[in-house]
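The values are calculated or read from the model by the stated rules, or taken from the named source; none is laboratory data. The model shown is predicted, which means the values in this text are computed figures rather than measured ones. In this analysis, Cβ positions are derived from the backbone assuming ideal geometry, glycine residues included, and neighbour counts consider all displayed protein chains. Ligands, DNA and RNA are stripped out before the accessible areas are found, and what is left, the full protein with its side chains, is counted by its heavy atoms. Shrake-Rupley method; radii C 1.70, N 1.55, O 1.52, S 1.80 Å.
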Amino acid sequence: MNILWVYAHPDARSLNGSLRDAALEQLLVDGHTVEQSDLYAMQWNPVVQPADYDHDPAERFKVATASSSALAAGTQTPDIVAEQQKLLRADAVVLQFPLWWFSMPAIMKGWVDRVFVEGLGYGIKRPDGRSLRYGDGMLAGKRAMVVLSMGGSEHTVSPRGINGDLDEMLYPIQHGILFYTGMSVLPPVLVASADRMTETDYAAAESELLQRVKGLPTDRPIPYRTQNGGDYDRRFVLRSTIDAENTGLRVHTER
Ligand SMILES: Cc1cc2nc3c(=O)[nH]c(=O)nc-3n(C[C@H](O)[C@H](O)[C@H](O)COP(=O)(O)O)c2cc1C
């Protein structure tokens, strides 16, 4: 597989840096090709520029023919085009970050904001006018996985933990970005209690990550309900016959 590893940590000598190095080495040993977007090292500009925000997507993002030369012929800046080409080449995309204020660091959100433009991330339509999103879209067929560390313990993100259930905390990223654009999202890899790890804890975390990295091509994705699979009505509301006694984020995953 060709894996795009998107990494957001300012310090390569951090826990996240060590885990990233181990994972990339494992992927290469397993015969995969790896491309990396090390956002701090690249000094990625996370702020959408007026020039990025061109209201004519036909000019901005010429990917309809899916050829990279057509893509490059659009009006986007080269830094965005380079990331879009990496995405389109990838069979799997990994987002690795330390949890900062319940989400990804701003530099990574700004990578999504600038790279997942109309015509690539959203605004894709079938010939009959129906939108392709939530399980379908330009990035359909690719796999995605979130790898995150957090200061809090695993209990705090259990279903009744004070920080809220991990799946719900990651819903905007896993469902709202990765699944929205068509990707199949594997369960996340969580490294909890990350600020007080012993060597033994680190060894266990690394070993779990390497295990999960090995499963990238084959692990079962989270069974999110697809927009166009029949579970939603015309207003995109889950049909009343499905999971009738529940509401909230959990109803959008098949159980
Ligand atoms: C700005 C900032 C915000 C943070 N927000 C959270 C948070 O919301 N929840 C949490 O459990 N830990 C939080 N932490 C702790 C980090 O997740 C933790 O320090 C990191 O995962 C450790 O990995 P590292 O050593 O590679 O940085 C935060 C840390 C910083 C610096």
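So, in the stretch 106-133, of the ones that are open to solvent by less than 70 Å² (accessible area, probe 1.4 Å) and over 24 Å from VAL47 (Cβ atoms), which residue ends up nearest to the chain's Cα centre (by Cα)?
By that ranking, first place goes to ARG133.
Which one of HIS175, HIS155 is part of a helix (DSSP H, G or I), within 26 Å of ARG220 (Cβ to Cβ) and open to solvent by 20 Å² or more (accessible area, probe 1.4 Å)? Before you say what the answer is, go through the steps one by one.
Working: HIS175 fails: open to solvent by 20 Å² or more (accessible area, probe 1.4 Å).
Answer to the check: HIS155.
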Looking at MET150, MET145, MET169, MET197, which is the one that is in contact with a helix residue (DSSP H, G or I) (Cβ under 9 Å, 6 or more places away or on another chain) and open to solvent by 50 Å² or more (accessible area, probe 1.4 Å)? MET197
Residues satisfying the stated conditions in the stretch 36-49, i.e. more than 15 Å from the ligand (Cβ to nearest atom) and within 16 Å of VAL147 (Cβ to Cβ): GLN36, SER37
Condition met for GLY151 (out of contact with any His (no Cβ under 9 Å at 6 or more places or on another chain), farther than 25 Å from GLY215 by Cα and within 14 Å of the ligand (Cβ to nearest atom)): yes
Across the stretch 1-26, the tally of residues that are more than 13 Å from the ligand (Cβ to nearest atom), touching an Asp or Glu at 6+ places or on another chain (Cβ under 8 Å) and open to solvent by 40 Å² or more (accessible area, probe 1.4 Å) stands at 1
Please indicate, with yes or no, whether at least one residue in the stretch 167-186 is within 13 Å of the ligand (Cβ to nearest atom) and over 17 Å from GLN227 (Cα atoms). yes
Right, TRP101: free of Cβ contacts under 8 Å to residues at least 12 places away in the same chain, under 29 Å from ALA12 (Cβ atoms) and either open to solvent by 30 Å² or more (accessible area, probe 1.4 Å) or under 13 Å from the mean Cα position of the chain (by Cα) (or both) or not? yes
